[in-house]
Structure formats: C-alpha cells, structure tokens
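Down below is the structure, laid out as structure tokens.
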Amino acid sequence: MKKKLLFVFFMLLLVIIVSAHEGGEESDEAPDEFNGEISAGLNPIESSYGYFEDFLPLPFVIVIFVASFIPVLLLIIYKKDFNKKHIVFWMIIYIVGSATLVIIADTINLTLSSETKGPVHWHADFQIWNCGEKLDLIEPEGMLNRIGTELFHEHNDGRMHAEGIIKNIRDVDLHNFFDFIGGKLIETSFDVLTDDGVVKVKDGDLCNGESGEVQIFLYKVINSHSSQKEGFIVEQLKVNENYVLSPYQDVPPGDCIIIEFDKRKDKTDRICDTYKLAVEQKRMVIA
C-alpha cells in the first residue's frame, strides 16, 4: 500500500515538473498579435504573453506541491481505517489546495515585483484625428466588449483603460496602447485599425494640400490630487509615443490625449468632451 502511494506521489510530481517546464517556454517570444500587423477588420486577439515570465520560479512551485502533500501522505500511511474513498477524497483536497496555494503565492509575487505594488485603475480620454477627420477605433466584439489586452484596452468609449497590476510602467505608454489595439504609433507615423480598414499616415504625407506631421498633444492637470472634483488647472503639452498616462481613475484629472496628423502647429484646438464640459462648468481652467 505504501509503495503504491509513493508511486502515485512521484507520478504527480513528474506531471507538475513537465507541465511547468512546457509553460515556461511560452515566454520566449511575444505572439504575432503584439507586432502591430493585424489585418483590417479583424478584432485583435487578447494574448496571455507575459504571464509565464511573471509566474513563480519552478522550484518554488514544486516546493508548494510537495509540502502540501506531506500531511495527506502522513494521514494515509498512519491512519489504519483509511479506505479507497478516503484516499480519493484527500487526493482531491491535496490537488485543489496546493493549486490554490500556488495561485495565491503567484499573485503575491506579481504584486510585490510590480512597479505599482498592486492593481491600478487608471483612465485617460483620447482622440485621433487625420486631416480634420476624427477616427474611431474598430468596434469591439464578444462578451468582453473591448479591444486590447486585459491590462490596457478601450471599450468603444474613447477612453484608455489601464486596469490591473503593472509590472513595468512602460507597459501602459501610448506606444503599447496602439500595439495592443492592433495599430502602431511612433514619432513620425501612426496606423489605426478602424471598421473601414487600416488608416496609415506618416510625416510628409499631404494633408489638405500641405505637408502633414504626426503630433501628440496632452491636456494634463497640474494641480490635482485623487479626490479633487473641480478647480483643475490644465496645461497643454506636446509629448511623444512613450508618454505614460497619469495615475487617475476619473477624467479629469485623468489626461486628455489628442493624436493628430495635420500641418505642424504648436497647440491644438481639439479637446476631449470631458475636458470641454469641465471648462464650460468652470471646474477647469486651461493655462
């Protein structure tokens, strides 16, 4: 009986090691959908890339499974009146319990190693313009009602949503947002996936008969704290594709970001609806 139990234990351990090893290989390369080359009309597929590279080290996973099995093994060996039903019951307890411990430990590990030290819920409103024409992103499909990833996405509401644990703050910059929604944004060009296909522009293309340029304007609240609802002072700036949205849930004080292809200008006259309303209600002053 004891030999059979030990055999089962080591077989389970072998399965765990093989499964974890196969999972770890997933982190070698990012999937194709992260390369900004998604065909027109296709909804970007959310990827789990990054999960395995953040997962607990394999030795630690094995230790949890082994340690959680020891009490079960002792019960089976030393309790005389154990029958097959008892063994099946405790094996289920072992599998479910140890898997739960791994998940909890992995969540704690990811939280402690992240730059934000826990989950966030940040928002920023945005608009994309091409020679005076406002572009709308492709309509999201499915029950999730979003395009992008679980961490960084849009819900057909003109708003960037950063929701979850941010391991690296660069994961929520503008460049990555465009990548995640199936487009591309660099200093001199952008691609946007719309219901009518992919819109591509680059510096030097004609815009209303003149040479155009990709420009990113930012309305940023410069006197805000998390509970503030009015009295905002806003500054308009020019930023690049590496800009990371401000850490606020409400908009404002969350950012208003205008990505525009037009003739070169120092300021834009475009503004997000939330910011326009705040100005009209005298809750905001644009410096």
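FYI, it's all coordinate maths here, none of it is from the lab. Small disclaimer: the values here were computed from a predicted structure and weren't measured. Cβ atoms come from the backbone with ideal geometry, glycine included; neighbour counts cover every protein chain shown.
Summary of computed values
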| quantity | calculated |
| --- | --- |
| Lys, Arg +1 and Asp, Glu -1 on Cβ, resulting dipole of segment 137-190 about Cα centre, debye, nearest 20 | 120 |
| Farthest toward positive dipole pole in segment 119-286 [+1 Lys/Arg, -1 Asp/Glu at C-beta], among Ile286, Tyr248, Leu206 | Ile286 |
| Violating pairs (Cα-Cα greater than 20 angstrom) within the set Lys238/Lys263; Lys134/Lys267; Lys167/Lys200 | Lys167/Lys200 |
| Separation between Cα centres of segment 121-173 and segment 238-278, rounded to whole Å | 14 |
| Cα centre as origin, Lys/Arg/Asp/Glu Cβ charges: segment 119-286 dipole, Debye | 580 |
| Gyration tensor verdict on segment 119-286 (Cα atoms; rounded if a/c is under 1.5, prolate if a/b is larger than b/c, oblate otherwise) | oblate |
